[in-house]
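Everything below concerns the one structure shown next.
The values are calculated or read from the model by the stated rules, or taken from the named source; none is laboratory data. Source: prediction; values computed, not measured. Note that we place each Cβ from the backbone using ideal geometry, even for glycine, and neighbour counts take in every protein chain shown.
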Amino acid sequence: MDGALRPATLGLLALAGAAALWAGPAAAREERVVAIGSVELTVALADGDCFFDPEQPADRALMDQLEVATGPAFVPLLAFGACDRIAGWRTGDPPALRRFGYVMIAETHLEPVFGFDQPALADAIAQALADQGVADYRADIARLAADLEAAWTAVPPGGKRDLGVVHRDRYGPVQAAVLSVAGPDGRAFPRVMLHQSVLLHGKVLSVVALRDYRDQESIFEAYGDLSAVVEATAARNAK
């Protein structure tokens, strides 16, 4: 994904206690129902966030770019960002979005309905990552930040570098990556990307949160974005 998420160009980790600052079903504001095979799920957002609208040309372009960026293995379902920023971004003010996220599902998971629960999913993902030798930061945000700052400069604009597991909460591992993004002035900058999987009525959804990286605080903020959507969405589908 390259660019600073302009309309024409698109450009996981905190300590467990930090999640309470941002997450929780009470914070949900906007929600939308998506049908995946025979299963309907409600995706809910945090207060102040809105969904991108595919009827809007700029939003449709963003979703098209997400489809390219995620590749054929995943299907983006919805994208979201701050309501007050989206409205201006559509007309070029601001020219770029510095924070956004999306929800996707693996293409191979569109039809199957899984019979396990969230803890089993979390354990399976954790074991698979361990088997692959994926790095585990164990909530050491300073080490993650240092690695991120060192890694992104070796990533070509539009590229991504996976960093490892940066946190675990009740939904399982949170994975982190860094993107190299081309800004409006042509100069590249880093963007932190956090990702977590949640099981809802037998379907595994993947929630992704991205923020332009400034310092360690950007990582905490991205985890807040991620956790808010995971918690609110899980709450809406609890029945």
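Counting only residues that are farther than 17 Å from D169 by Cα and of a type in the set (D, E), region 132-148 holds 1 of them. Look at L121 and say whether it is surrounded by 14 or more Cβ atoms within 10 Å (Cβ to Cβ) and over 26 Å from A188 (Cα atoms). In short, yes.
Set side by side, the residues A79, A58 differ, and just one is surrounded by 12 or more Cβ atoms within 10 Å (Cβ to Cβ), among the small types (G, A, S) and not in a strand (DSSP E or B), which is A58.
Which residues, counting only those in region 209-239, are assigned to a strand (DSSP E or B) and closer than 19 Å to R170 by Cβ? If the condition is that a residue be assigned to a strand (DSSP E or B) and closer than 19 Å to R170 by Cβ, then A209 is the only one that fits.
Got at least one residue in region 178-198 being of a type in the set (A, V, I, L, M) and closer than 15 Å to A234 by Cα? Yes, some residue in region 178-198 is of a type in the set (A, V, I, L, M) and closer than 15 Å to A234 by Cα. For region 227-239, the candidate set comprises residues that are out of contact with any Gly (no Cβ under 7 Å at 6 or more places or on another chain) and buried (at least 24 other Cβ atoms within 10 Å of the Cβ); within that set, the residue that is farthest from Y102 (Cα to Cα) is A232. Within region 9-53, how many residues turn out to be modelled with pLDDT under 95, under 20 Å from G88 (Cα atoms), of a type outside the set (A, V, I, L, M) and assigned to a loop (DSSP other than H, G, I, E, B)? Number satisfying all stated conditions: 3. Among the residues making up region 135-180, those that are assigned to a helix (DSSP H, G or I) and within 30 Å of D117 (Cβ to Cβ) are I141, L144.
Checking every residue in region 146-160 against the condition of being closer than 23 Å to V68 by Cα, modelled with pLDDT of 95 or more and among the aromatic types (F, W, Y) gives at least one match. Being within 14 Å of the chain's Cα centre (by Cα), under 21 Å from F189 (Cβ atoms) and crowded, with 18+ Cβ neighbours inside 10 Å is the filter here, so list the residues in region 61-76 that pass it. Matches in region 61-76: L66 only. Looking at D136, D140 in this structure, which one is out of contact with any Pro (no Cβ under 7 Å at 6 or more places or on another chain), surrounded by fewer than 17 Cβ atoms within 10 Å (Cβ to Cβ), under 21 Å from D225 (Cβ atoms) and among the charged types (D, E, K, R)? Every option except D140 fails the conditions. Of all residues in region 186-208, those that are of a type in the set (K, R) and in a loop (DSSP other than H, G, I, E, B) total 1.
State yes or no: is P119 within 25 Å of E231 (Cα to Cα) and either assigned to a helix (DSSP H, G or I) or of a type in the set (K, R) (or both)? Against the criterion (within 25 Å of E231 (Cα to Cα) and either assigned to a helix (DSSP H, G or I) or of a type in the set (K, R) (or both)), P119 qualifies.
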